[in-house]
Amino acid sequence: MNDSHDELNEEKLRGPRRINLNIFWFLIILLSTIILTAIITALSIDGRTERAVNVGTDTRQEFAKLYNVYDTITKEYYTDVDKEQLIEKSIKGMVEGLDDPYSEYMSIDETAKFEESITGEFEGIGTEIMQENNVIVVSSPIKGSPAEAAGIQTGDKIVKVNGKSIEGVSTSEAAAMIRGKKGTEVTLTIIRGSDKPFDIKIKRDKIHIDSVTFEEKDDIGHISINRFQEGTSDELQKYLDQAAEDDVKDIIIDFRNNPGGLLNEALAMINQFVPKGETLLYLEYAGKTREVVKAQVEQNPSTKNFDNIYILVNEGSASASEVFTGALMDLTDAEVVGNKTFGKGIVQTTSEFKDGSLVKYTNSKWLTPNETWVHGKGIDPDFVINTPDYTRIKYLDSSEVYVIGQENDDILSIKVALDALGFDIKSFDNTFDKNLELEVKKYQTKHNIEASGFVTGKTTEQLMVDLRNHIKENDTQLNQLMDYIKGEKTKEEVTKEMEENSKYIPVNNDRSLDEEESEE
């Protein structure tokens with residue numbers, strides 16, 4: 001028994017020793033395999049980086065060509081390529097493929113500038129721009145900005161920045177080129193209408209945009225809204241309350257050259273004029289899914305104190321301006337005055353990435369409470385008041401020489417400008433006649449310019465400066481509206497006066513987004 005017992009104990013002792021030995025070598029082999037595999041994988045990745053593009057990405061068949069192009073270029077292009085730039089440009093190209101001037105991909109730097117525009121403070125010249133037909137177009141100059149002072153107008157096409165063509169660049173890229181430090185200058189090459197290109201030099205400044213301004217004149221409250229940015233609704237409420245406290249009965253809400261902005265601000269502003277629960281607009285998404293947007297809070301009590309509300313618009317009033325105008329037109333007795341609006345009936349949203357870049361894209365169309373879609377059509381005012389001829393003249397190039405005997409449209413612009421500035425123009429046609437020569441000499445003498453009688457150089461430059469100042473100091477649209485509100489003139493009298501002041505240079509009230517996009 002003892003022998004057998006010892007044998008059993010020996011077996012028990014030997015068994016565990018064999019097991020420990022196997023585990024040890026197994027772990028050694030396993031660890032070696034892992035290390036070797038890691039080395040091979042690292043060498044493989046290091047040697048063939050361009051083939052790693054599919055790792056962790058969507059491998060759907062429609063992206064196969066994109067991956068193949070990327071692999072081919074990064075492997076076979078004759079010199080080194082910036083792979084990050086390739087990806088950035090690919091994303092930009094994808095968004096541009098939408099053929100939508102309001103959708104774009106923004107880099108980190110471009111996103112920062114975009115966010116500056118939402119908050120209302122940046123350094124630049126002060127214009128709203130968009131892309132049409134591969135061309136950067138001015139939506140509107142910001143009121144009080146260097147761009148407005150220099151004569152930049154809604155619809156101007158910017159073809160060069162400091163002599164460099166910007167054809168095909170995105171709006172954010174163009175904005176980056178145009179913006180710059182306060183005190184520096186930028187030269188924009190502009191095409192206006194069918195005119196040939198001309199240069200405008202503008203000194204950049206710090207642009208702080210007060211989105212709402214207010215003045216009381218002859219017991220009429222004039223609220224001018226320049227854009228819809230963060231806090232615009234609060235600013236509007238402040239001035240509405242002030243007007244009510246001052247017992248103002250007639251309010252003008254001025255959206256001229258307001259390109260739009262944040263939709264939520266526009267909705268909050270509409271809500272100040274209508275009761276809670278009222279339908280403010282409809283949003284239609286992909287698949288015809290419709291969202292009804294209603295007023296979320298009670299109406300501002302101050303707005304109940306006003307007898308009349310007038311909304312002043314023009315061809316530069318777009319997007320959120322039209323959301324507000326269309327809603328009050330449908331829901332209240334507000335009267336819309338001025339010119340037909342721009343006609344932008346679509347909404348953009350943004351999707352931001354972890355690195356700070358973002359894509360802005362159109363995600364819906366909007367309709368007024370009466371289910372009207374203004375896109376490409378604009379909003380027709382109840383009461384049309386055009387601006388005078390001198391606000392629509394051609395921009396005159398100071399390098400051109402205009403002399404007696406010439407016949408072209410520029411001559412008519414010279415005549416209209418001088419007439420507006422108080423000079424005695426006898427006939428408004430396209431001919432540079434003796435009367436015009438005489439008045440040009442009077443103008444030159446007044447400004448201590450050699451009285452040559454022909455228009456060029458300093459004469460042209462001074463004429464454009466004087467005309468811009470005259471436009472700024474004489475807001476005929478607003479003045480005629482106020483005359484009507486005060487009862488000093490009837491609609492018929494205002495219309496007659498307007499027609500008398502705008503009979504030489506055609507008024508284009510048919511500008512539409514669809515027509516402009518069709519030029520592509």
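The values are calculated or read from the model by the stated rules, or taken from the named source; none is laboratory data. The structure presented is a predicted model; accordingly, all values stated were derived computationally and were not measured. Here the Cβ is made from the backbone with ideal geometry for all residues, glycine too, and neighbour counts use every protein chain on show. Only protein heavy atoms, including side chains, enter the accessible area calculation; ligands, DNA and RNA are left aside. Shrake-Rupley method; radii C 1.70, N 1.55, O 1.52, S 1.80 Å.
A few remarks follow.
- Of all segments of the chain bounded by trypsin sites (Lys or Arg not before Pro) found in a DSSP loop with no more than 10 other C-beta atoms within 10 Å, the longest spans 182-353.
- Of the solvent-accessible surface of the chain, computed with a 1.4 Å probe and all protein chains present, 50% belongs to carbon and sulfur.
- For the chain, the longest principal axis of the C-alpha atoms and the axis of helix 83-96 are separated by about 50°.
- In the frame of its principal axes, region 342-478 has Cα extents of 62, 44, 28 Å, reported largest first.
- Around the Cα centre of the chain, unit charges on the Cβ atoms of Lys, Arg, Asp and Glu (plus for the first two, minus for the last two) sum to a dipole of about 1320 debye.
- Modelled FRET efficiency - R0 41 Å, TYR77 with LYS288, Cβ distances, 0.05 increments: 0.35
- Scanning the chain for chymotrypsin sites (Phe, Trp or Tyr not before Pro) in DSSP loops with at most 10 neighbouring Cβ atoms within 10 Å leaves 79-520 as the longest stretch between them.
- Placing unit charges on each Cβ (+1 for Lys and Arg, -1 for Asp and Glu) gives the chain a dipole about its Cα centre, and among PHE122, VAL95, ASN501 the Cα reaching farthest toward its positive end belongs to VAL95.
- Computed over the alpha-carbon pairs of the chain, the distance histogram in 20 Å steps reads 18, 43, 22, 8, 5, 3, 1, 0 percent, short to long.
- Inter-centroid distance (Cα atoms) of region 176-199 relative to region 229-246, Å: 35 Å
- Within region 84-174, GluC sites (Glu not before Pro) in DSSP loop having at most 15 other beta-carbon neighbours inside 10 Å: GLU167
- Annotation: lysines with alpha-carbon distance below 30 angstrom to LYS441 (same-chain offsets under eight excluded): LYS196, LYS201, LYS394, LYS415, LYS426, LYS458, LYS472, LYS503.
- Considering only alpha-carbon pairs that sit under 8 angstrom and 6 or more positions apart, the relative contact order computed for the chain is 11 percent.
- Whole-number accessible area per residue in Å² for region 197-316, which is evaluated in the context of all protein chains at 1.4 Å: 45 Å²
- Shape analysis of region 200-256 yields a ratio of the Cα radius of gyration to the Kirkwood radius, Rg/Rh, of 1.09.
- Heavy-atom surface of region 85-168, accessible at 1.4 Å and reported per residue (Å²): 43 Å²
- Lys pairs, region 76-173 - Cα-Cα below 30 angstrom, 8 or more residues apart or on other chains: 19
- Scanning residues 5 or more positions from LEU262 or on other chains, those with amide H under 5 Å from its amide H are PHE228, GLN229, with H placed 1.01 Å from N in the peptide plane.
- Stokes-Einstein D in µm²/s, Kirkwood radius over Cα pairs - region 455-503 at 10 °C with 1.306 mPa s viscosity: 126 µm²/s
- Surface accessible to a 1.4 Å probe, per residue, for the residues of region 339-442, Å²: 43 Å²
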